[in-house]
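One structure is given here, and the rest of the page talks about it.
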């Protein structure tokens, strides 16, 4: 169990905008049948945690990410996993866009890449 001082340090680091996790692998499948969804990816964080079904979408010329979710009985959607701050969401988006652009440039429908952690 983490010590309180360690947890507080991590919270302070997050508040200062430093990234606490790194994407270490992206497995992406390009989607060409849907006008909005451009790719679906599985992201591995710090070689220890995977999030599947992260979608890269485009609307009005703008790319954005859609996190995995499930539909509730009333018709609303609930995210299963999601970033807790905007800087992490932007980091995920930037990495997915970069990998997507590589896949498009190489004409590949499926793409797998291992990323080196970067310091912020």
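The values are calculated or read from the model by the stated rules, or taken from the named source; none is laboratory data. Keep in mind that what you see is a predicted model, and the values were worked out from it rather than measured. So basically every Cβ, Gly included, is an ideal-geometry build from the backbone, and we count neighbours across all protein chains shown.
Listed residues 74, 107; which is loosely packed, with under 12 Cβ neighbours inside 10 Å, on the phi > 0 side of the Ramachandran plot and without any contact (Cβ under 8 Å) to a residue 40 or more places away in the chain? None of the others qualify; the one that does is 107. Among residues of the stretch 9-32 that are in a loop (DSSP other than H, G, I, E, B), those with a beta-carbon under 6 Å from a residue that is surrounded by 15 or more Cβ atoms within 10 Å (Cβ to Cβ) and at pLDDT below 70 at least six positions away or on a different chain give the pairs 20/14. Would you pick out the residues in the stretch 46-62 that are surrounded by fewer than 16 Cβ atoms within 10 Å (Cβ to Cβ) and under 17 Å from residue 26 (Cβ atoms)? The answer is 46, 47, 48, 49, 50, 52, 53.
Residues in the stretch 77-104 that are farther than 21 Å from residue 48 by Cβ, touching a residue at least 40 places away in the same chain (Cβ under 8 Å) and under 16 Å from the mean Cα position of the chain (by Cα): 2 in all. Of the residues making up the stretch 33-62, those that are outside any strand (DSSP E or B) and out of contact with any strand residue (DSSP E or B) (no Cβ under 9 Å at 6 or more places or on another chain) number 3. Scanning the stretch 88-104 for residues that are surrounded by fewer than 13 Cβ atoms within 10 Å (Cβ to Cβ) and over 16 Å from residue 58 (Cβ atoms) turns up just one, 90.
Per-residue answers, yes or no, for (1) part of a strand (DSSP E or B); (2) more than 19 Å from residue 47 (Cα to Cα):
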{"position": "87", "(1), (2)": "no, yes"}
{"position": "91", "(1), (2)": "no, no"}
{"position": "97", "(1), (2)": "no, yes"}
{"position": "100", "(1), (2)": "no, yes"}
{"position": "113", "(1), (2)": "yes, no"}
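Annotation: residue 65 fulfils all but one of (1) surrounded by fewer than 16 Cβ atoms within 10 Å (Cβ to Cβ); (2) under 11 Å from the mean Cα position of the chain (by Cα); (3) in a strand (DSSP E or B); the unmet one is (1).
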